[in-house]
1. Pairs please, first residue from region 202-217 and under 11 Å from TYR119 (Cα atoms), second anywhere and surrounded by 13 or more Cβ atoms within 10 Å (Cβ to Cβ) and at pLDDT below 95, Cβ atoms under 9 Å, 6+ apart in sequence or on different chains.
2. Being part of a loop (DSSP other than H, G, I, E, B) and of a type in the set (Ser, Thr, Tyr) is the filter; apply it to region 113-141 and report the residue that is farthest from the chain's Cα centre (by Cα).
3. Right, GLU188: of a type in the set (Asp, Glu), more than 18 Å from ASN110 (Cα to Cα), in contact with a strand residue (DSSP E or B) (Cβ under 6 Å, 6 or more places away or on another chain) and not assigned by TED's automatic domain parsing to the domain that holds LEU135 or not?
4. I'd like the residue in region 36-83 that is of a type in the set (S, T, N, Q) and either modelled with pLDDT under 95 or in contact with a Cys (Cβ under 7 Å, 6 or more places away or on another chain) (or both) and, out of all such residues, is surrounded by the most Cβ atoms within 10 Å (Cβ to Cβ).
5. Which of the numbered conditions does LYS229 fail, given that it passes all the others? Conditions: (1) in a strand (DSSP E or B); (2) closer than 20 Å to ILE136 by Cβ; (3) not hydrophobic (A, V, I, L, M, F, W, C).
6. Suppose we keep only residues that are in contact with a helix residue (DSSP H, G or I) (Cβ under 9 Å, 6 or more places away or on another chain) and in a loop (DSSP other than H, G, I, E, B) within region 78-87. Which one would you say is nearest to ILE136 (Cα to Cα)?
7. Pairs under 6 Å by beta carbon, first residue in the same structural domain as ASP127 (by TED's automatic domain parsing) in region 19-44, partner exposed (fewer than 12 other Cβ atoms within 10 Å of the Cβ) and in a loop (DSSP other than H, G, I, E, B), six or more apart or different chains?
8. Applying the selection to region 12-49, what residues are in a loop (DSSP other than H, G, I, E, B) and of a type in the set (Asp, Glu)?
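The values are calculated or read from the model by the stated rules, or taken from the named source; none is laboratory data. No experiment lies behind these values; they were computed from the predicted model shown. When we count neighbours, we look across all protein chains shown, and the Cβ atoms used for this are built from the backbone with ideal geometry, even at glycine.
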Amino acid sequence: MSSYNYFAKVYDRMMDNIPYDEWEQYILQLLYRNHVSPNACMTEIGCGTGIMTGLLKDEGFSMTGIDLSEEMLEVAKTKRDDIEYLHMDMREFHMSEKQDVIISICDSMNYLLTNDDLYRTLKSVRDNLKEGGLLIFDLKTQHFFETELDGETFKEDLKDFSYVWKNKYDKEKCIHYYQLFFKYRSSEGVKHETEVHRQRVFFANDIKEAAQKAGFKKANVYDAFTFDKPRKNSDRIYIIMRK
């Protein structure tokens, strides 16, 4: 799985176009349609800098955040002190108490690179859910990587740093590569850093096989931000599973 270094420090500023409030409203609809109580115990895996974790905490849920990147968690911890953030791998994590709900958004689970990674994550989730507990996660689709990102380069020159973001989708491996070049000023002068991030496309059969192997019996899959079935041109899908 890819790691965040300098990217973690500027992640929120680079992702300020994401409508987190709207995404939260959709997640709340999913929760309430599945009869989740307003004070449920919930963990976000791949929580990053904790934006969604904080929004759901403000709704009254008892929130915990888990991420593999210590750098991202450091940012999350500076925002508030009423959420516990834990440095753990979503493929193998252990909570002190079983959870009512486990969520993963912003395509965090696309960072899993093999079917075995997906299975191990789903098994860890199931092991940490209460009986009848709910898993909600999203995934970017092959359509999104192929039509929206492949071959694209994004650049921005801000006051204290600049970046170049290059994208390449490998259709044979079903892996999308993000190459990020950062330039920023520090007390030691101008510095340059490069990070490479990879995300995997998971297809319906991949998800079904991993879920069944992990012990989940049924999954509902929606075109993102709707309650419709995914379309061929869906950019993002949401998957809901119950233990």
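1. From region 202-217, the pairs are ILE207/ALA219; LYS208/ALA219; ALA211/ALA219.
2. Filtering region 113-141 for residues that are part of a loop (DSSP other than H, G, I, E, B) and of a type in the set (Ser, Thr, Tyr), the one farthest from the chain's Cα centre (by Cα) comes out as THR114.
3. The answer is no for GLU188.
4. The residue in question is THR53.
5. (1)
6. Keep residues of region 78-87 that are in contact with a helix residue (DSSP H, G or I) (Cβ under 9 Å, 6 or more places away or on another chain), which gives 79-80, 82-83, 85-87.
Then drop every residue that is not in a loop (DSSP other than H, G, I, E, B), which leaves 80, 82-83.
Working: ARG80: 24, ASP82: 23, ILE83: 20 Å.
Within region 78-87, the match that is nearest to ILE136 (Cα to Cα) is ILE83.
7. That search, which allows pairs on different chains as well, returns PRO38/GLY60; ASN39/GLY60.
8. Across region 12-49, the qualifying residue is only ASP16.
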